[in-house]
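Have a look at the structure below, then the notes.
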Amino acid sequence: MRIRQVALAASDLEKTDATLRHLLGCDESYPDPEIIYFGLDNRLYTLGDTFLEVVSPAQPNTAAGRFIDRRGGDGGYMVIVQIENLAQEQARLVGTAIRTVFADDRGNAKAIHLHPKDVPGAIPSLDEMTPAESWLWAGDGWEQRAGRYVRGILAVEIRSLDPKATGLCWAEAYGIELMQAGNGWRLEMGESDIRFVFDAAAVAPALMAIDFDAVDLSAICTAADNIGLERKGHIVTVCGVDFNFL
């Protein structure tokens, strides 16, 4: 079990795509034609064997559009965790109050999305791939589109007024134990973590930071400065989310 993909929601897809390609050292991004099912357009970026996605409303009255309206701007939208056996996880979730809002089974790729009101802060997704190293959502040849400056996603951070309560919801969603970590809480997922921290300014739980395993910090900082992104050391803000380059 590990974080394999994180999605942001943005109102201006073309501008955000140009920003992310420049910042991550990606020569190209991947547009998934099937995401129009949700009334969305998207771009996806290969970071090692993990993925960053940005989605944007292409039709009125989409979930992502309502999310942007509620938040008053762009933000962290979805956390996709790869698991080994989706059928087993679905059977486990039947014994909880957590609702499934979407399910997809293509044989070699399976996924369910959980209700963000039941698991607050972002939409949680549980995905199974066969073979495990594949990733259908990234399209053919995703390995050749890998960014030069980043080799993976290490963690996401969800901030709220009650990080323990928020963390317990996510722990139930993924069937793992919530652990205390300093002044916050976390879920350990193999090579990645989901952190839950206190934020006095939080109106509602929100995905507010992503940790990246950086290959070239100097190139990242130069790219951020060249396109005028807000930066504090190795933390760059994109779509209202802090990108922590480690």
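The values are calculated or read from the model by the stated rules, or taken from the named source; none is laboratory data. This one's a predicted model, so the numbers in the text were calculated from it and none came from an experiment. Quick reminder, even Gly has a Cβ in these numbers, built from the backbone with ideal geometry, and neighbours come from all protein chains shown. These accessible areas exclude ligands, DNA and RNA; they are computed on the full protein's heavy atoms, side chains included. Shrake-Rupley method; radii C 1.70, N 1.55, O 1.52, S 1.80 Å.
Listed conditions (1) exposed (fewer than 13 other Cβ atoms within 10 Å of the Cβ); (2) out of contact with any helix residue (DSSP H, G or I) (no Cβ under 9 Å at 6 or more places or on another chain); (3) more than 13 Å from Ile3 (Cα to Cα); (4) not hydroxyl-bearing (Ser, Thr, Tyr) are all met by His113, apart from (1). Taken as a whole, the range 61-77 holds no residue that is open to solvent by less than 10 Å² (accessible area, probe 1.4 Å), modelled with pLDDT of 95 or more and in contact with a helix residue (DSSP H, G or I) (Cβ under 6 Å, 6 or more places away or on another chain).
Hey, any hits in the range 133-145 for a residue that's of a type in the set (Lys, Arg) and open to solvent by 40 Å² or more (accessible area, probe 1.4 Å)?
Checked the range 133-145: no residue is of a type in the set (Lys, Arg) and open to solvent by 40 Å² or more (accessible area, probe 1.4 Å).
Please specify each residue of the range 147-184 satisfying the condition of being charged (D, E, K, R) and either farther than 30 Å from Ala18 by Cα or open to solvent by less than 10 Å² (accessible area, probe 1.4 Å) (or both).
Correct list: Asp162, Lys164, Glu172, Glu177.
Among the residues of the range 165-178, is there at least one that is in a loop (DSSP other than H, G, I, E, B), touching a residue at least 40 places away in the same chain (Cβ under 8 Å) and either farther than 24 Å from Asp127 by Cβ or out of contact with any Asp or Glu (no Cβ under 8 Å at 6 or more places or on another chain) (or both)? No, that holds for no residue. Looking at this structure, is Phe51 assigned to a strand (DSSP E or B), touching a Leu at 6+ places or on another chain (Cβ under 7 Å) and within 30 Å of Leu24 (Cβ to Cβ)? Yes; evaluated as a whole, the condition is true for this residue. Among the residues of the range 23-48, write down those that are among the hydroxyl-bearing types (Ser, Thr, Tyr) and in a loop (DSSP other than H, G, I, E, B). Within the range 23-48, just Ser29 meets the criteria.
Out of all the residues in the range 20-32, is one or more within 30 Å of Val203 (Cα to Cα), open to solvent by 10 Å² or more (accessible area, probe 1.4 Å) and not small (Gly, Ala, Ser)? No, the range 20-32 contains no residue that is within 30 Å of Val203 (Cα to Cα), open to solvent by 10 Å² or more (accessible area, probe 1.4 Å) and not small (Gly, Ala, Ser).
Taking the range 57-110 as the range and being part of a loop (DSSP other than H, G, I, E, B) and touching a residue at least 24 places away in the same chain (Cβ under 8 Å) as the test, the residues that pass are Thr62, Gly73, Asp74, Ile83, Glu84, Asn85, Thr96, Ile98, Arg106, Asn108. Inspect the range 212-222 for any residue being within 21 Å of Gln5 (Cα to Cα), of a type in the set (A, V, I, L, M) and crowded, with 21+ Cβ neighbours inside 10 Å and give the result as yes or no. Scanning the range 212-222 turns up at least one residue that is within 21 Å of Gln5 (Cα to Cα), of a type in the set (A, V, I, L, M) and crowded, with 21+ Cβ neighbours inside 10 Å. Looking only at residues of the range 190-211 that are closer than 19 Å to Gly152 by Cβ and at pLDDT 95 or above, we find that the one that is surrounded by the most Cβ atoms within 10 Å (Cβ to Cβ) is Ile194. Can you say whether Glu84 is of a type in the set (Asp, Glu), at pLDDT below 95 and under 19 Å from Glu128 (Cβ atoms), as far as the supplied structure shows? No, not satisfied.
Consider Asp41 carefully, then state whether it is crowded, with 19+ Cβ neighbours inside 10 Å, of a type in the set (D, E, K, R), farther than 25 Å from Ile176 by Cα and in contact with a Pro (Cβ under 9 Å, 6 or more places away or on another chain).
yes
The set of residues in the range 207-239 that are assigned to a loop (DSSP other than H, G, I, E, B), more than 13 Å from the chain's Cα centre (by Cα), of a type outside the set (A, V, I, L, M) and closer than 20 Å to Asp74 by Cβ comprises Gly228, Glu230.
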